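To start, the structure itself, in structure tokens.
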Amino acid sequence: MQPRIPIPADRPWRVLGLMSGTSADGVDAVAIEVDPGAFETGHPFRRLLGHLTLPYAEGLRGQVLEAASNRLDPGSLCVLQRRLGDHHALAARQLCDSLGLQPDLASLHGQTVQHHPAQGASLQLADPYVLVEALGCPVVWDLRRRDLAVGGQGAPLVPLPERWLHGPGPWLALNLGGIANLAMWDGKATHAWDTGPGMSLLDLAARQWLDLPFDPDGAHATGTVLAPLLSRWLSHPYFQAPPPKSTGREVFGATWFEAERSLLEALSLPDRLATLAAFTATSIAVEATRTRPWPVGLRALVSGGGARHRRLRAELAERLQLKLEDDLDFPSGAREAVSWALLGAASAMRLPGHLTEVTGASHARVLGSWVWP
């Protein structure tokens, strides 16, 4: 198939992927090699060339969280779009300079600040024109809204790249970002959706009670889980709804945290953090039961920032009753950016970048909008 952008056909493509997840802690930039002719066989990924993480300054992260909590006025939201574009461009430029690399294309996720799939809407901020000027290559961005336009959830989109990366399986991939999501390939079908909170509530608690952006390794979550509070949280309507479904900080973010704060503050700090960790773990376990019976030989792979939270990992192991492996194929934080680079390359090849059985979209579509140098 003829690609939509002029890229030499005699070598692998050099593709950048830029991801800023629901943890809102910064940008992960990766450069990968892609074999565009291997999408048909399901093996387009060749190798990782480099990875760089550029954290948000505290002021920028604060604005992102305000936008996600509906506390940013339209003027400030407009300026935030440019500030995020500058930050993504800086991350991309630093990575390319460190590798001596001129990319063929870049795939920009942007920072999600609002996600309302029931209304067919989602908003990811980061100015792609700034990125084009910084890199001098085509940029594809805004990939989620095409899926929403045909009735999908706009998420999760990474299960298709997960199939390209993980191979035949069977496997279950669990990503513990701000919002947790799972994808399972049993050799016949893909099952994937957002399970609920990942690190979003635990990070809010760390900022509130530890004066830290997160609890390193979950060191303070050493208390006892309050079962009645956990049962209350698990009655949330999101856990009663069947897939396809997706969620975000609009549901499990600052508004949720403030509503439950007085109940949490009645507990000791170690108990608060332990109960929040158990909430994430139990909600994942509850949602994962939808994929049972699990096939023989299922590998359970864990990635994302929450993979380093000891209490969360212990609660997960107990409640899932699966042996959990760290996903070590890529550096921490790089996997979703690699997936996004692959989705950008698929768009360049005019190939659909989503699984309709996962998102609920009525038709398969080529995702994203293109900006040219």
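For the pair Leu212/Glu265, report the inter-label distance in nm, with labels modelled 7 Å from Cα in the Cβ direction.
2.2
Report the FRET efficiency, 1/(1 + (r/R0)^6), for Trp372 and Val150, where r is their Cβ-Cβ distance and R0 is 25 Å, rounded to 0.05.
Computed FRET efficiency for Trp372 and Val150: 0.50.
Give me, ordered by chain and number, the residues 5 or more places off Gln114 or on other chains with an amide H under 5 Å from its own placed amide H.
Leu123
Out of all DSSP beta bridges in the chain, what portion is antiparallel? Express it as a percent rounded to 5.
70
Can you tell me, using C-alpha contacts under 8 Å and at least 6 residues apart, the relative contact order of the range 204-302 as a whole percent?
43
With the contact rule set at Cα under 8 Å and sequence spacing of 6 or more, what percent relative contact order holds for the chain? Spell out each step's value before the answer.
Working: 798 pairs, mean separation 86.9, N = 373.
RCO, the chain: 23 percent.
Could you check the spin-label model distance between Ala9 and Ala118? Points 7 Å from the Cα along Cα→Cβ, value in nm.
Calculated label separation equals 5.0 nm.
Could you give the size of the charge dipole of the chain about its Cα centre, using +1 on the Cβ of each K and R and -1 on the Cβ of each D and E, expressed in debye and rounded to the nearest 20?
My answer is approximately 620 debye.
Please compute the per residue accessible area over the range 71-202 with all protein chains in place, 1.4 Å probe, rounded to a whole number of Å².
Details: 4400 Å² over 132 residues.
Here the residues of the range 71-202 average 33 Å² of exposed surface.
Considering amide H positions built from the backbone, and no H for Pro or chain starts, which residues 5 or more places from Val27, or on another chain, come under 5 Å of its amide H?
When sequence neighbours closer than 5 places are left aside, the close amide H contacts are Leu54, Tyr56.
Taking 8 Å as the Cα distance limit and 6 or more residues as the minimum spacing, I'd like the relative contact order of the range 120-249 as a percentage.
Details: 140 pairs, mean separation 25.0, N = 130.
That works out to 19 percent.
Would you compute, from DSSP H runs of 4+ residues alone, the mean residue ellipticity of the chain at 222 nm, taking -39500 (n - 2.57) per run and dividing by the full residue count, rounded to the nearest 500? Working shown, then result.
Working: 12 runs with 137 residues, N = 373.
Helix-only estimate at 222 nm: -11000 deg cm²/dmol.
Got a sec to turn the phi values of the range 60-77 into Karplus ³J(HN,Hα) couplings, 6.51 cos²θ - 1.76 cosθ + 1.60 with θ = phi - 60°, whole Hz, x for Gly and Pro?
Here the 3J(HN,Hα) series is 5, 4, x, 5, 4, 5, 5, 4, 5, 9, 6, 10, 10, 6, x, x, 5, 5 Hz.
Looking at the chain as a GNM with Cα springs under 10 Å, which of Ser347, Ser200, Ser262 has the largest mean-square fluctuation?
Its mean-square fluctuation being the largest, the pick is Ser262.
Taking 0.36 nm per intervening residue step and subtracting the Cα-Cα distance, what contour gain separates Leu328 from Thr289 on full extension?
Residue separation times 0.36 nm, minus the Cα-Cα distance, leaves 11.6 nm.
Roughly how many percent of the accessible protein surface of the chain is carbon and sulfur, given a 1.4 Å probe and a whole-percent answer?
Working: 7860 of 14930 Å².
Carbon-and-sulfur percentage of accessible area, whole number: 53.
Can you check what the Kirkwood hydrodynamic radius comes to for the chain, Cα pairs only, in Å to one decimal?
After inverting the pairwise mean of 1/r, the radius is 20.8 Å.
The values are calculated or read from the model by the stated rules, or taken from the named source; none is laboratory data. For clarity, every value in this text was computed on a predicted model and none was experimentally measured. Don't worry about glycine lacking a Cβ; one is built from the backbone with ideal geometry, like all the others, and counts go over all protein chains shown. Note: areas computed on protein heavy atoms with side chains; ligands, DNA, RNA excluded. Shrake-Rupley method; radii C 1.70, N 1.55, O 1.52, S 1.80 Å.
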